[in-house]
Amino acid sequence: MPSLSQSIITNIGADYIETYLKKKGFSRTDEEKGQELKYWVDNLLKEKKIDIDEFEEFLFSELFWGKRKTIQIYKLDKTKDYRYPRDWELPLEEKYNIDSLNFFNILGSIPNSEEPRKIASVCSEENLKGELVRIRLLFACYIQVNGDRGYKDSVAYIPVEVDFSRKIMLIKAWTRQQIAHEEHKAYSLMDHIKRLMGIEFKVATRNYMSEHKKILFLMSKSLIYEAYSHVPTYNEIENIDGVIKNFIEETLSGLSLRNVEVNEQGKPVLAEGVMDFEAEVRNVLEGLAISDYFFDRDFDEIWKMGLEAVVARVKFNDEERVLTSLSGENTSAPIFCTKTFMSLKNRMEEAERIETLWITMDRKKGNLNLKFDASNMEYLEILIKYGIRFNETDMNSALEIYEKYETKLNQKIAEQSKIAIGQ
């Protein structure tokens, strides 16, 4: 008889299971109100009141996303070796006794110390050619957590999605507290499952190298300048271009600076390498326009500007290999409103690579706060921040904004290659 384990309840949350059952028309009687959720659900299952297939689909959705907000994204390689259903059917049957690529048995797949790893669900899609479009595996891993009286047995669910359309593999985990052993922590389990995907299912991946850092730079720069373009005074700066140039000339002529030279047009300029004086002046004016626009305004008004996303924080290595982290000066302020960012914007643009990028996107309920981490050349990591109920729509939003700038970078590289060939 199927049974709802405490591990499943912990990994989803009792309130969400109760809410699902209420939507399906189940409510506790006065006698049942004192019962633990597990026993109440087990009675409903025993009496065959719950549709098992629907309940399994609900559990799958919650365990594939939900609390699993740490995501590692790998680029697929050599997909012809594992693109067809037959490439998965044999290892699934031999190693996990699963004879279908659409299999749901979360209630009956609870690992233990004797059998520490199971696949609780498999879900796949094929195209008209008989090729896999995607395959999703839900691994259930035995772990131990620290309890009041020693170790307690539990389960960590590690969802894996191989998406052949996007040519990526996603591995997710819940970074849970009170894990008793290092090998049971989220990152250790994710590394273990990544290796298993290669050994058991022949999934090959290739490194990003620095590509994801360049994409994050392009994303951050584009989003920041998109915000600037909505500030009327910022767009007026180019109208005083002559005033700026005159100010620079008068300043360089009026001060007894050691490194002033005269260019071919007979105008004073700073020697190369001293500083980009004009860029610094423009930075000050941009900062003035931005600070003036947002002074004494509620930062919630940013969403009324119709922005795709707001950059909250960046971390990058500059030319001097100094790791610099810039963030909003309070939790509601975007980075482009801060004095620190305006003073270091040029250094970030010279680096053309971002190690870590935090952005905020608008969402139907609340905001979607994302951290993109490109510090590991093997994969891109995405962390879903703060207390939302993470779902498939959120995952697609994160992937789509990254892919948008990945496409732009690839187009830029292709255009540069054409120019180089033409020369």
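Since every read-out is calculated from the coordinates, none of them should be taken as a lab result. Just so it is clear, the structure is predicted and the values come from calculations on it, not from any experiment. Cβ: placed from backbone, ideal geometry, glycine included. Neighbour counts: every protein chain shown.
General remarks:
- From phi via Karplus (6.51, -1.76, 1.60), per-residue ³J(HN,Hα) for the stretch 180-197 in Hz, x at Gly/Pro: 6, 10, 4, 5, 9, 6, 3, 5, 5, 5, 5, 4, 5, 5, 4, 5, 4, 4
- Couplings for the stretch 119-131, taken from phi via the Karplus curve 6.51 cos²θ - 1.76 cosθ + 1.60 with θ = phi - 60°, read 9, 8, 7, 9, 9, 9, 9, 10, 9, 5, 7, x, 8 Hz in order; Gly and Pro are left as x.
- Sequence of Glu264, Glu57 once ranked by neighbouring C-beta atoms within 10 Å, starting from the fewest: Glu264, Glu57
- Efficiency of FRET between Glu301 and Leu255 - r from beta-carbon atoms, R0 30 angstrom, step 0.05: 0.15
- In order along the stretch 30-41, phi translates into HN-Hα couplings of 4, 5, 7, 4, x, 6, 5, 4, 3, 6, 5, 5 Hz, rounded to whole numbers, per the Karplus curve 6.51 cos²θ - 1.76 cosθ + 1.60 with θ = phi - 60° and x for Gly and Pro.
- The amide H of Arg134, built 1.01 Å from its N in the peptide plane, has Glu125, Phe164 as neighbours under 5 Å, considering only residues 5 or more places off or on other chains.
- Note on Asp362, Asp42: ascending count of other Cβ atoms within 10 Å places them as Asp362, Asp42, the fewest first.
- With R₀ set to 35 Å, the beta-carbon distance separating Lys408 from Tyr16 gives a calculated FRET efficiency near 0.40.
- Inter-probe distance in nm under a simple model that places probes 7 Å from Cα toward Cβ, at Ser222 and His181: 4.5 nm
- Counting neighbouring Cβ atoms within 10 Å and putting the fewest first, the residues Lys214, Lys167 line up as Lys167, Lys214.
- Between the stretch 168-197 and the stretch 137-151, the alpha-carbon center distance in angstrom: 12 Å
- For the stretch 140-277: rounded, prolate or oblate by the Cα gyration tensor [a/c cutoff 1.5]: prolate
- Among Val41, Val310, Val155: highest mean-square fluctuation, GNM of the chain, C-alpha pairs under 10 Å: Val41
- For Arg117, nonlocal amide neighbours, meaning residues 5 or more places apart or on other chains whose placed amide H falls under 5 Å from its own, are Asn112, Tyr142.
- Choice from Leu90, Leu44, Leu63 showing the highest fluctuation, given a GNM over the chain with Cα pairs closer than 10 Å: Leu44
- Over the stretch 70-206, volume per residue of the alpha carbon convex hull, in Å³: 103 Å³
- Contact order for the chain, expressed relative to its length and based on alpha carbon pairs under 8 Å spaced 6+ residues apart, stands at 15 percent.
- Inter-label distance, nm, simple model (7 Å from Cα along the C-beta direction), Glu93/Glu114: 2.6 nm
- Applying a DSSP loop filter and a limit of 16 other Cβ atoms within 10 Å to the GluC sites (Glu not before Pro) in the stretch 347-423 leaves Glu352, Glu378.
- Spin-label model, Val274/Leu37: points 7 Å from Cα along the beta carbon direction are separated by 6.8 nm.
- For the residues Ala279, Ala14, Ala204, a GNM of the chain with alpha-carbon springs under 10 Å puts the largest fluctuation on Ala279.
- Length added when fully stretched, Ser165-Asp53, from 0.36 nm per residue minus Cα-Cα: 37.6 nm
- Between Val284 and Gln265, full extension at 0.36 nm per residue minus the direct alpha carbon distance yields a gain of 4.2 nm.
- Under 5 Å, built H, 5+ apart or other chain: amide partners of Glu355: Lys315, Phe316, Asn317
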